[in-house]
1. May I ask you to say which residue of SER113, SER87 is modelled with pLDDT of 70 or more and within 24 Å of ARG38 (Cα to Cα)?
2. Assuming PRO28 fulfils every condition listed in (1) buried (at least 16 other Cβ atoms within 10 Å of the Cβ); (2) at pLDDT 80 or above; (3) under 30 Å from GLY154 (Cα atoms) apart from one, which condition is it?
3. ALA134 passes all but one of (1) farther than 24 Å from VAL52 by Cβ; (2) at pLDDT 90 or above; (3) crowded, with 23+ Cβ neighbours inside 10 Å; which number fails?
4. Might you check whether a residue that is at pLDDT 85 or above, part of a helix (DSSP H, G or I) and under 15 Å from the mean Cα position of the chain (by Cα) occurs anywhere in the range 1-13?
Amino acid sequence: MSFLEFFLIAIGMAMDAFAVCLAAGGLPETRGPRPAFRLAFHFGLFQFIMPVLGWVAGTTIEPWIRNFDHWVAFVLLGFIGFRMVNSAWRGEQSKPVDPTRGWNLVLLSIAVSIDALAIGISLGILGITVLYPAILIGIVTGVLSLVGLRIGNGFGSNFGKPAEAVGGIVLIGLGLWMLISTIFL
């Protein structure tokens, strides 16, 4: 495979992370260099690790992953999205959801990188070495995550809590889209 093919795969894999960062960028917790680094680093790291794990797993778990990955992504994105909408609805009484820390960060990282596991399995089946594509996918994801956060930060600073609700709805919609597109398309 050529660099262009790997690069296009990397962009495709990074779109979930970009969408999540765009939505999360509306939250005040994602402003500043440390939260941005945490989110972009973890998304990039998980996008690097998942193809490697998929490649190692090879054909052994491929049928199980193919039938299950969209449900995992849907549940994880729906859970985080619901918490964001709930936090916005309650206003100042509730503690805001911080997608750059703890389990929220881990769950989001898994949710946006679950498809990369299937890419790794595919690369293993094709006999393609995984290290180069995995590094490229990780770097592209990290960069696009930062871009999504930057755009989301500009939007969120103007709209506050409604942006948090919209971000949550976007995450729920993204999870739903993954589910529907896998089942029906």
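1. Exactly one of SER113, SER87 is modelled with pLDDT of 70 or more and within 24 Å of ARG38 (Cα to Cα), namely SER113.
2. (2)
3. Among (1) farther than 24 Å from VAL52 by Cβ; (2) at pLDDT 90 or above; (3) crowded, with 23+ Cβ neighbours inside 10 Å, ALA134 violates only (1).
4. Checked the range 1-13: at least one residue is at pLDDT 85 or above, part of a helix (DSSP H, G or I) and under 15 Å from the mean Cα position of the chain (by Cα).
The values are calculated or read from the model by the stated rules, or taken from the named source; none is laboratory data. Everything numeric in this text was worked out from a predicted model, so none of it was measured. We place every Cβ from the backbone using ideal geometry, glycine too, and count neighbours over all the protein chains shown.
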